[in-house]
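A short write-up of the structure that comes next.
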Amino acid sequence: MTWTLQQTRRFARIYKKLHDNLIDEVDAAISTVAEDPDIGDKKKGDLARLWVYKFRCQGQLYLLGYTRDDEIRIVYLEALGSHENFYRDLKR
């Protein structure tokens, strides 16, 4: 059973600016997370609420950050980007 997806404003802004050749790969990663949110890695410390799913696109590692609400089965898409400065930007 798939979970309901909800985009945050930050994620929507990043997604809107993606190139056309990246959108298909990102959509595939999002559907993978929607089917099984446990597939990502749960973070610790300051970002303890965050889960991160890593995937490769065009030879580069991308990270999809999300939070989830287990009671109502919703995945909140928080952030998307390459590994460089990903966690630093999320802490802001």
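The values are calculated or read from the model by the stated rules, or taken from the named source; none is laboratory data. Quantities reported herein were computed from a predicted structural model and do not represent experimental measurements. Note that each Cβ is placed from the backbone with ideal geometry, even for glycine, and that neighbours are counted across all protein chains shown. Just the protein is used for accessible areas: all its heavy atoms, side chains included, with ligands, DNA and RNA removed. Shrake-Rupley method; radii C 1.70, N 1.55, O 1.52, S 1.80 Å.
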Notebook entry, point to check: Mind checking which residues of segment 1-16 are touching a residue at least 12 places away in the same chain (Cβ under 8 Å), closer than 22 Å to residue 92 by Cα and not hydrophobic (A, V, I, L, M, F, W, C)?
Noted result: 6, 7, 8, 10, 15
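Give me the residue from segment 69-82 that is of a type outside the set (D, E, K, R) and assigned to a strand (DSSP E or B) and, out of that set, farthest from the chain's Cα centre (by Cα).
Among them, the one singled out is 74.
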Notebook entry, point to check: Quick one: is residue 19 open to solvent by 40 Å² or more (accessible area, probe 1.4 Å), without any contact (Cβ under 8 Å) to a residue 40 or more places away in the chain and under 13 Å from the mean Cα position of the chain (by Cα)?
Noted result: no
Check: When only residues in segment 31-50 that are out of contact with any helix residue (DSSP H, G or I) (no Cβ under 8 Å at 6 or more places or on another chain) and hydrophobic (A, V, I, L, M, F, W, C) count, which is most open to solvent (accessible area, probe 1.4 Å)?
Finding: 48
Note to self: Restricting to segment 24-68, name every residue that is charged (D, E, K, R) and outside any helix (DSSP H, G or I).
What the structure shows: 36, 41, 42, 43, 44, 49, 54, 56, 68
Note to self: Just to be sure I understand the filter: pairs with C-beta atoms under 6 Å, separated by 6 or more residues or on different chains, first member in segment 38-66 and in contact (Cβ under 8 Å) with a residue 40 or more places away in the chain, second member open to solvent by 80 Å² or more (accessible area, probe 1.4 Å). Which pairs pass?
What the structure shows: 46/91
Next item on the list: Tell me, please, whether a residue that is within 14 Å of residue 77 (Cα to Cα), loosely packed, with under 15 Cβ neighbours inside 10 Å and of a type outside the set (Lys, Arg) can be found in segment 51-61.
Entry: no
